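The structure appears right after this line, and notes come after that.
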Amino acid sequence: MPQAIVITRPFYDETTSYLHRWNLDVVKQAKAKSNSVADLKYKRANRKELESIVKKLKPEVIILNGHGSSDTILGQGDEVLIKAGKNEHILKNSNVFSLSCSSAKVLGPASIKAGAKSYIGYKEDFVFAYPKDYATRAEQDPLAKLFLEPTTKLATALVNGNPPEDCHEIGINAFLKNLQQVLLSNSTEEYVARFLVWDLTNQVYLHS
Amino acid sequence: MNKEDKKKEEIKKLVVARLDALPPNISISVGSEGHFNKKELIEQIENDTEIGKKMVEIELEYLRKLKEGIFYASGNSNY
């Protein structure tokens, strides 16, 4: 079971609102498993606070939600939280899951090189679909659920202390289950299958 | 138009036709690039933008993975 857990949850546009809301259950689960959980949400999802809390808690698990690029993960208002070549060392000794675009391409390998135990993330843009009328109640959105339930299961498995390789598999299998669901069940949501395949093929598990 | 360009145009037409199945009220979040509805995605493809190229890449990857049998995969971390 992880001794300390750090989670970032910025909230400032439609995409981050979905990630923020869908990760609430991960935070709840983390708090049930550990007395040392830092939920860096809204303005607290900034670099200074993240670096400070990681230094203090030395978390075994770090979950990063938000926008990003191949070498960067962003916090509230697009503030750079972690950038390869600048401060990836703060991930040292942690198992990391990054629900942000493309960061497994450069930042992931750089983090492993800097001493992170493992890094699960996406090599390309993380893509998901949602209907406009659910934007203010993202957590109830059945369409976005097809994409964010797999990532929530992965993150929950990680905060529950499962080996990161197993957590990666849990995420992949949840994506595959949802893919089969939309293709098999005469679902009107068949059009999202291409995006589910994209996300699951770009999810990677990196380790030392 | 040379043979290569003609092939690219045909692929773009195929992707546009397939994206046309998206309901109009659905947004697609493409990370930091923003979110797009069906009409906007089709415009991006027709204008050959980076997002348009990404949509073509997603569609081709989907068709490739279906051919490889991803539908039957389970517990396979190679995906």
Report task. Grab the Cα-Cα distance for A:D78 and A:K28, subtract it from 0.36 nm times how many residues apart they are, and report the gain in nm with one decimal. Result -> 15.5 nm
Requested in this report: Would you mind checking the tilt of helix A:24-33 against the longest principal axis of the Cα atoms of chain A, expressed as 0 to 90 degrees and rounded to 10?
Outcome: 50
Report summary line: With the label point 7 Å along the Cα-to-beta-carbon line of B:E61 and a cut-off under 18 Å to each amide N, the hits in segment A:101-122 are A:101-109, A:120-122
Query raised in the report: In µm²/s, what is D for segment B:1-40 at 4 °C and 1.567 mPa s, where D = kT/(6 pi eta Rh) by Stokes-Einstein and Rh is the Kirkwood radius from Cα pairs?
Result: 111
Query raised in the report: How big a patch of accessible area, both sides summed and in Å² to the nearest 100, lies buried between A and B at a 1.4 Å probe?
Result: 2900
Query raised in the report: How much of the accessible area of segment A:36-173, probe 1.4 Å, is carbon plus sulfur, in whole percent?
Result: 49
Query raised in the report: Once you average over the residues of A:118-131, how many Cβ atoms of partner chains fall within 10 Å of each Cβ?
Result: 4
Requested in this report: Roll a 1.4 Å probe over the protein heavy atoms and report the accessible area of B:L14 in Å², nearest 10.
Outcome: 80
Report summary line: Computed over chain A, protein heavy atoms only, probe 1.4 angstrom, the accessible area per residue in square angstrom equals 39
Query raised in the report: Which FRET efficiency, nearest 0.05, do A:S208 and B:M1 yield, Cβ-Cβ r, R0 51 Å?
Result: 0.50
Report task. Just the number, please: percent antiparallel of the DSSP beta bridges in the protein assembly as shown, rounded to the nearest 5. Result -> 50
Query raised in the report: With each run of n ≥ 4 DSSP H residues scored as -39500 (n - 2.57), what mean residue ellipticity at 222 nm is computed for the protein assembly as shown after dividing by its residue count and rounding to the nearest 500 deg cm²/dmol?
Result: -14500 deg cm²/dmol
Report summary line: In nanometres, the difference between 0.36 nm per residue of separation and the alpha-carbon distance of A:K43 and A:K55 is 2.4 nm
Query raised in the report: To the nearest µm²/s, what D does Stokes-Einstein give for the protein assembly as shown at 10 °C and 1.306 mPa s, using the Kirkwood radius over alpha carbon pairs as Rh?
Result: 83
Query - Spin-label model distance (nm) - A:S187 vs B:Y72, 7 Å beyond Cα toward Cβ - result: 2.1
**Report entry** FRET efficiency, B:E43 to A:Q3 (Cβ-Cβ, R0 51 Å, nearest 0.05)
**Finding:** 0.50
Query - Antiparallel bridges, percent of DSSP beta bridges restricted to segment A:68-149 (to nearest 5) - result: 60
Query raised in the report: How many partner chain Cβ atoms sit within 10 Å of a residue's Cβ in peptide A:192-203, on average, as a whole number?
Result: 5
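The values are calculated or read from the model by the stated rules, or taken from the named source; none is laboratory data. Remember, it's a predicted structure, so these values are computed and weren't measured experimentally. Don't worry about glycine lacking a Cβ; one is built from the backbone with ideal geometry, like all the others, and counts go over all protein chains shown. Note: areas computed on protein heavy atoms with side chains; ligands, DNA, RNA excluded. Shrake-Rupley method; radii C 1.70, N 1.55, O 1.52, S 1.80 Å.
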